[in-house]
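Colleague: Below is one structure. I have some questions about it.
The values are calculated or read from the model by the stated rules, or taken from the named source; none is laboratory data. Predicted model, so just to flag it, every value in this text is computed and none were measured. As a convention, Cβ positions derive from the backbone with ideal geometry for all residues, glycine included, and neighbour counts pool all protein chains shown. Ligands, DNA and RNA are excluded from the accessible area calculation, which covers all protein heavy atoms including side chains. Shrake-Rupley method; radii C 1.70, N 1.55, O 1.52, S 1.80 Å.
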Amino acid sequence: MGVVNVTPDSFSDGGRYLDAKEAVAHARRLAEEGADIIDLGGESTRPGAAPVSERQELDRVMPVLEKISDLCVSVDTRRLNVMRAVLSGGASMINDVEALSAPWAHQLIANSDCAVCLMHMKGEPRTMQEAPRYDDVVGEVRDFLKDALRKATFAGIGRERIVVDPGFGFGKTVAHNMELLRRLGEIASLGVPVLAGLSRKSTIGALTGRPVGERLAGSLAMALLALQAGATILRVHDVKETRDVIAVWQAYKT
Ligand code: HH2
């Protein structure tokens, strides 16, 4: 899954693809490099990001989606009206960092044929990194995702359309993220595909001392660890390089 953020403030590519033409070109490049899914986002969820209105989010995402709806496009959104608009516009997947907590979101997805990513987040983006605490991070994240999965299937969304994501960096310290990565198999045991988003994240910065533009090697190491631990979808900024990691992993595995 290749990331295209049409935002001024995303932590790693903010401002680079705010122009729809640039965003479309970037999405096409990522698809050519081997991304099976393009994850299009119009709102940054990094701690302290500026809030966007629904209108702004739609104005960012829709012109890009219109030009790439021949690809498998996932839209990263928490808003019901954005979900509704992008599904009419040809999106194949909704990636919701709030695991369909917007009222009526379950019904909307159930009445469509799209896929959905249910992600765990502790708290809300503005404050989530202020000393997050867990007794057992993996147990709590697993219980949350199990419950989210139950609610989604109860609403009529087939399991074959659902993926889950522990939400690396969303209300988690470096130690929490590493524990989740080490025990990702416990999340995979829920029986649906696991999506892992670790690319260029601040945990890599903390471990390597590198600024966001120099986290490729750390991101590739994370990608391999995630694959080894049971992830099936990697949400990344550097598709070409991550494809090489996957090629090595697949050869090793068989
Ligand atoms: N991470 C980010 C955004 N959306 N969605 C899922 N399912 N999993 C993730 O780990 C995830 C996500 C944050 O990364 P990015 O989009 O690069 O930054 P920003 O939120 O600042 O736009």
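Colleague: Which condition breaks for L195 when tested against (1) open to solvent by 10 Å² or more (accessible area, probe 1.4 Å); (2) out of contact with any helix residue (DSSP H, G or I) (no Cβ under 8 Å at 6 or more places or on another chain); (3) within 14 Å of the ligand (Cβ to nearest atom)?
Modeller: Failed condition: (1).
Colleague: Could you tell me which of the residues R159, R243 is more than 16 Å from the ligand (Cβ to nearest atom), in contact (Cβ under 8 Å) with a residue 60 or more places away in the chain, among the charged types (D, E, K, R) and open to solvent by 70 Å² or more (accessible area, probe 1.4 Å)?
Modeller: R243
Colleague: I'd like the full set of residues that are crowded, with 17+ Cβ neighbours inside 10 Å and not in a helix (DSSP H, G or I), limited to the range 52-71. Full working, then the answer.
Modeller: Taking the range 52-71 first, the residues crowded, with 17+ Cβ neighbours inside 10 Å are 52, 57-58, 60-62, 64-65, 68, 71.
Of everything in the range 52-71, those that are crowded, with 17+ Cβ neighbours inside 10 Å and not in a helix (DSSP H, G or I) turn out to be V52, L71.
Colleague: If you check A85, A27, A49, A35, which single one turns out to be away from the ligand (no atom under 11 Å from the Cβ), assigned to a loop (DSSP other than H, G, I, E, B), surrounded by 15 or more Cβ atoms within 10 Å (Cβ to Cβ) and of a type in the set (G, A, S)?
Modeller: On the way: A85 fails: assigned to a loop (DSSP other than H, G, I, E, B); A27 fails: assigned to a loop (DSSP other than H, G, I, E, B); A49 fails: away from the ligand (no atom under 11 Å from the Cβ).
Result of the check over A85, A27, A49, A35: A35.
Colleague: Do the conditions hold for L190, that is, is it within 11 Å of the ligand (Cβ to nearest atom), open to solvent by less than 60 Å² (accessible area, probe 1.4 Å) and over 17 Å from R46 (Cα atoms)?
Modeller: Working: within 11 Å of the ligand (Cβ to nearest atom): no; open to solvent by less than 60 Å² (accessible area, probe 1.4 Å): yes; over 17 Å from R46 (Cα atoms): yes.
Spelling it out, it is not the case that L190 is within 11 Å of the ligand (Cβ to nearest atom), open to solvent by less than 60 Å² (accessible area, probe 1.4 Å) and over 17 Å from R46 (Cα atoms).
Colleague: For the range 6-16, give me the residue count where each residue is free of Cβ contacts under 8 Å to residues at least 40 places away in the same chain and buried (at least 21 other Cβ atoms within 10 Å of the Cβ).
Modeller: 1
A quick yes/no check of all residues on (1) away from the ligand (no atom under 12 Å from the Cβ); (2) in contact (Cβ under 8 Å) with a residue 60 or more places away in the chain:
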| residue | (1), (2) |
| --- | --- |
| A110 | yes, no |
| T127 | yes, yes |
| R133 | yes, no |
| F144 | yes, no |
| L149 | yes, no |
| A152 | yes, no |
| F170 | no, yes |
| V174 | yes, no |
| G185 | yes, no |
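Colleague: Can I ask one more? State the number of residues belonging to the range 196-212 that are on the phi < 0 side of the Ramachandran plot and touching a residue at least 24 places away in the same chain (Cβ under 8 Å).
Modeller: Of the range 196-212, the ones on the phi < 0 side of the Ramachandran plot are 196-199, 201-208, 210-212.
Retained after the next criterion (residues that are touching a residue at least 24 places away in the same chain (Cβ under 8 Å)): 196-199, 201-203, 206-207, 212.
Residues that pass the stated criteria total 10.
Colleague: Ok, one more. Does the range 160-179 hold any residues that are in a helix (DSSP H, G or I) and either modelled with pLDDT under 95 or within 21 Å of W104 (Cβ to Cβ) (or both), and which are they?
Modeller: Of the range 160-179, the ones in a helix (DSSP H, G or I) are 160-161, 174-179.
Across the range 160-179, the qualifying residue is only R161.
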